[in-house]
Amino acid sequence: MQKITKTKYYKTEREFYENLKRELGKKLLFYCPTGSIARKEIIPGWSDIDVVIVFNEWNKDVFSSIDKSLAKNKSGIKIGITFYSLAEFNSYKFQDPKTFNIIYNIKTGRYSPTVHDPSVKLNNCRADTFEIIKMVEFNKTLHNYKRELLLYPKFNERVAYKELILMVRILLMKKNVITDGYKEVLEASSKLLKDLPFPRITPQEIMKHPESAGDRYIGYINFLSWLEKNA
């Protein structure tokens, strides 16, 4: 199997964009790489390619175009898409904490959209609505996290770790701290979330030492006990 490099990530993302642009044409109103590829912090073999897409309106052709573009990806790198119609994206009612984090990063210059039609608004969410959205997202992630841990000893540590990091990010949001990327989450949580017991390990270390997943498993369980008292 050909080695997956950072260069291959950038090439794969660009090819996906070009395929999608050909398929959707002027219907593609917004396209923005996010996450590790936008921050230029790709971890080969761990990172996915994440993008946000906004198109003019829901119809069968949109689904077909996205599906065709994804099907052309033979790189072995997962492409994760968050996609909205224009009306959805311009209304905070349909967005999640991840999307609001993306909007924040675009406004602060950390992410740079490849396509941004003026009709696509980067709206801030009302504070009271955002609190509800964060709670729903946190609880959904928590349930998925527990289901993954239930699969031990065959649990997927990569999945559990990513879900845990998302929950920690939401907990930090409650303290008005926006984080983006594993390093920021780990540093901020060590300062602001008292005695947080989850395994303080990087994705690179997880990939390097998969045989130690069982030893780290207790840390994932202890996180649940910590939540009962602190969240």
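Coordinate-derived values only; no laboratory data. Keep in mind it's a predicted model, so treat the numbers as computed, not measured. Backbone-built Cβ (ideal geometry, glycine too); neighbour counts: all protein chains shown.
Listed values, structure above:
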| read-out | value |
| --- | --- |
| Histogram of C-alpha separations across the range 125-214, 10 Å bin width, % | 15, 44, 33, 7, 1 |
| Positive minus negative residues near S225 (Lys, Arg vs Asp, Glu; Cβ under 13 Å) | 0 |
| By average C-beta atoms within 10 angstrom, highest first, the peptides 55-66, 15-26 | 15-26, 55-66 |
| Debye, to nearest 20: dipole size of the chain, +1 on Lys, Arg Cβ, -1 on Asp, Glu Cβ | 360 |
| For the range 96-153, size of Cβ-based charge dipole, Lys and Arg +1, Asp and Glu -1, in debye | 80 |
| Listed peptides 29-37, 124-132, 70-78 by packing density, highest first (mean Cβ within 10 Å) | 29-37, 70-78, 124-132 |
| Antiparallel DSSP beta bridges within the chain, as percent of all bridges there, nearest 5 | 55 |
| Gyration tensor verdict on the range 50-136 (Cα atoms; rounded if a/c is under 1.5, prolate if a/b is larger than b/c, oblate otherwise) | prolate |
| Per-pair calculated FRET efficiency, R0 = 35 Å: I79 and L224 via Cβ, rounded to 0.05 | 0.65 |
| Net charge of Cβ neighbours under 10 Å - reference E157; Lys, Arg +1; Asp, Glu -1 | +2 |
| Structure-derived Rg and Dmax of the Cα atoms in Å: which label, when the choices are (1) 20.1, 77; (2) 17.8, 57; (3) 18.5, 52 | (3) |
| Sorted peptide list for 197-204, 108-115, 96-103, criterion being average Cβ within 10 angstrom, highest first | 96-103, 197-204, 108-115 |
| Whole-angstrom gap from the range 1-76 to the range 174-207, using each part's C-alpha centre | 27 |
| Formal net charge of residues neighbouring S75 (Cβ-Cβ distance under 12 Å; K, R +1; D, E -1) | +4 |
| Extension reserve of the K191-F130 stretch, reckoned as 0.36 nm per residue once the Cα distance is removed | 19.6 nm |
| In order through the range 128-145: 3J(HN,Hα) via Karplus (6.51 cos²θ - 1.76 cosθ + 1.60), integer Hz, x for Gly, Pro | 5, 5, 4, 4, 5, 4, 4, 5, 5, 5, 4, 5, 5, 5, 4, 5, 5, 4 |
| Positive dipole terminus of the range 79-221, leading residue within A127, A87, I201 (C-beta point charges) | A127 |
| Relative contact order of the range 13-139, defined on C-alpha pairs under 8 angstrom at six or more residues apart (%) | 30 |
